[in-house]
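Encoded as structure tokens, the structure appears first; notes follow it.
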């Protein structure tokens, strides 16, 4: 019976780790960068609590690794994000409507054409060295408590 309990606990622990693997993320690079920035207990897994506590995310370079992001969908996992650097990507539109606390957004890729920000969120914006046309759209972000006023 003791061996069965140990086996059961091992399986349950493995399942909880599986639930947090990068497979569940839209972009592995965002996961890797967030893990380096927010893994407070250094267990190699980014928990929901650690993701929610993340306030600064640099998706450009970590030491010698240049991040190439294919999807910014995972940024909605960071509701308290205040500063974000968006690096190399072939994405033309980035939806930051989940990030109502943004104070600074740096766009380092001139292929990005549209930023979607929540109404009332006015971060400082930094553009690429060779800026193209970047359009900023304002939308009522998901979960915005003031959404009733904009409907």
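Bear in mind that the values in this text are calculations on the coordinates, not laboratory data. Every value quoted in this text rests on a predicted model; they were computed, and no experiment measured them.
Does segment 33-78 classify as rounded, prolate or oblate by the C-alpha gyration tensor (a ≥ b ≥ c root eigenvalues; a/c under 1.5 gives rounded; else a/b over b/c gives prolate, otherwise oblate)? The partial results should precede the final answer.
Working: a/c = 2.09, a/b = 1.29, b/c = 1.62.
Since a/c reaches 1.5 but b/c is at least a/b, the shape of segment 33-78 is classed as oblate.
Taking a ≥ b ≥ c as the square roots of the eigenvalues of the Cα gyration tensor, segment 29-138 is classed as oblate, since a/c reaches at least 1.5 and a/b does not exceed b/c.
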